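Enquirer: My structure is below; once you've seen it, I'll send some questions.
Only the coordinates and a few stated rules stand behind these numbers; no lab work does. Because the structure is predicted, anything quoted here is derived from the model rather than measured. As a convention, Cβ positions derive from the backbone with ideal geometry for all residues, glycine included, and neighbour counts pool all protein chains shown.
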Amino acid sequence: MDRQMMKFAVALCLVAIVSFSAWPLWDRLRVKRASAALQTRTRALVEKHPELKPAWNIAMQDGVLTRDEAKEIVEGAGEKLQPEE
């Protein structure tokens with residue numbers, strides 16, 4: 001194996017290591033959208049509890065209700081969020 005081939009193999013291994021180690025980090029950073037049922041439940045809670053309207057407005061500024069934002073609103077209403085929601 002000559003020196004040029006060894007450099008290529010090392011570079012390829014480093015790229016593979018970096019990509020596989022970054023994968024879990026990417027999963028955590030990716031935005032998880034709230035399901036349709038959770039969006040409906042959250043909207044109903046906001047209508048029932050007007051004090052949650054500012055949190056709803058902040059959550060909907062980007063047009064997407066994430067699971068974390070919905071969880072905050074649901075728990076603000078005094079209810080628990082089910083793990084499968």
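Enquirer: Using r as the Cβ-Cβ distance of GLU75 and TRP23, and R0 as 35 Å, what FRET efficiency do you calculate, to the nearest 0.05?
Expert: Computed FRET efficiency for GLU75 and TRP23: 0.70.
Enquirer: Can you list the residues, at least 5 places off or on another chain, whose amide H is less than 5 Å from the amide H of THR66, using H built in the peptide plane?
Expert: Excluding prolines and chain starts, which carry no amide H, the hits are ALA34.
Enquirer: Over all distinct alpha-carbon pairs, what is the Kirkwood Rh of region 36-76 in angstrom?
Expert: When all Cα pairs of region 36-76 are included, the Kirkwood radius is 9.8 Å.
Enquirer: Say R0 is 41 Å: what FRET efficiency, to the nearest 0.05, do ALA16 and GLN82 get from their beta-carbon distance?
Expert: The computed FRET efficiency comes out at 0.60.
Enquirer: For the chain, with the dipole built from +1 on Lys and Arg beta-carbon atoms and -1 on Asp and Glu ones, taken about the Cα centre, which of THR42, VAL18, PRO83 lies farthest toward the positive end?
Expert: Final value for the positive-end residue is VAL18.
Enquirer: Taking the 0 to 90 degree range and rounding to the nearest ten, how far is the long axis of helix 36-48 tilted relative to the main principal axis of the chain, both from C-alpha atoms?
Expert: Compared with the principal axis, the helix lies near 40 degrees.
Enquirer: Which of the peptides 36-47, 66-77, 4-15 is most tightly packed, and how do the rest follow, judged by the mean count of other Cβ atoms within 10 Å per residue?
Expert: 66-77, 36-47, 4-15
Enquirer: Assign unit charges at the C-beta atoms only (+1 for Lys and Arg, -1 for Asp and Glu), then state the dipole size of the chain relative to its Cα centre in Debye, rounded to the nearest 20.
Expert: The dipole magnitude comes to about 260 debye.
Enquirer: Give the Cα extents of the chain along the principal axes, in whole Å, largest first.
Expert: On the principal axes, the chain reaches 72, 25, 18 Å in Cα extent.
Enquirer: With charges set only on the Cβ (+1 for Lys and Arg, -1 for Asp and Glu), what does the dipole of region 36-76 come to about its Cα centre, in debye to the nearest 20?
Expert: Values: 6 positive and 7 negative charges, 37 e Å.
Dipole magnitude for region 36-76 comes out near 180 debye.
Enquirer: May I ask for the angle, rounded to the nearest 10°, between helix 67-76 and the longest principal axis of the chain, with both axes built from Cα atoms and the value confined to 0 to 90°?
Expert: Computed tilt is about 30 degrees.
Enquirer: Using only Cα atoms and rounding to the nearest 10 degrees, what angle (0 to 90) does helix 3-29 make with the longest principal axis of the chain?
Expert: For 3-29 against the chain, the angle is about 10 degrees.
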